[in-house]
Amino acid sequence: MTSSQPVRPTRQRTAVVEALDSADGFRSAQEIHALLERRGEPVALATVYRTLQRLADAGEVDLLRAEGGETTYRRCSATHHHHLVCRTCGATEEVEGPAVERWTRAVADEHGFIDVSHTLEVFGTCAPCRRRRTVEA
């Protein structure tokens with residue numbers, strides 16, 4: 001199967017998609033696998049990884065590489081966007097970045113690149129975590 005083909009809906013892949021749909025926020029392959037085990041769905045961890053990668057390749061899920069290097073996944077809106085990610089609790093916000101889009105096009109043009117894609121994650125501390133930190137201090 002190539003990345004341009006849709007993901008064929010096997011029972012295991014359907015279970016992975018349903019697990020993603022039921023999850024709040026980004027989840028790792030291991031978290032999705034654990035959720036499937038709790039539900040009594042016999043899906044191998046390798047199948048979860050392959051399915052998530054195929055879904056990401058097909059643009060059906062967003063993937064986020066956390067600062068520590070772990071890749072997490074989430075069903076996301078179909079429009080191009082970026083993420084603000086809280087380092088403390090992992091909360092994410094989808095944001096648009098018109099200045100980033102203009103910069104990306106300019107840099108690609110300057111270097112003669114076409115068919116350019118990109119991802120952007122901005123890490124910080126969300127307002128609720130910042131308030132909790134202030135109260136604890």
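Please treat every number below as a calculation from the coordinates, not as lab data. Quantities reported herein were computed from a predicted structural model and do not represent experimental measurements. Here the Cβ positions follow ideal geometry from the backbone for every residue, glycine too, while neighbour counts run over all protein chains shown.
I need the chymotrypsin sites (Phe, Trp or Tyr not before Pro) found in the stretch 32-137, filtered to DSSP loop residues with at most 14 other beta carbons within 10 Å of theirs. The qualifying sites are PHE113. Calculate I(q)/I(0) for the stretch 1-76 by the Debye formula, one identical point scatterer on each C-alpha and no solvent, and give its log10 at q = 0.12, 0.14, 0.26, 0.28 Å⁻¹ to two decimals. For the requested q values the scattering log ratios are -0.28, -0.39, -1.32, -1.47. Normalised by the number of residues in the chain, the average gap of Cα pairs under 8 Å and 6 or more apart makes the relative contact order 20 percent.
Exactly which trypsin sites (Lys or Arg not before Pro) in the stretch 35-137 are in a DSSP loop and have at most 16 other Cβ atoms within 10 Å? Display every interim value, and only then the final one.
Details: sites: ARG38, ARG39, ARG50, ARG54, ARG65, ARG74, ARG75, ARG87, ARG102, ARG105, ARG130, ARG131, ARG132, ARG133; in loops: ARG39, ARG75, ARG87.
Hits after loop and neighbour filter: ARG39, ARG75, ARG87.
Couplings for the stretch 42-56, taken from phi via the Karplus curve 6.51 cos²θ - 1.76 cosθ + 1.60 with θ = phi - 60°, read x, 10, 5, 4, 4, 5, 4, 4, 4, 5, 4, 5, 5, 5, 5 Hz in order; Gly and Pro are left as x. Based on the Stokes-Einstein relation at 10 °C and a viscosity of 1.306 mPa s, and on the Kirkwood radius from alpha carbon pairs, the chain is assigned a translational diffusion coefficient of 94 µm²/s.
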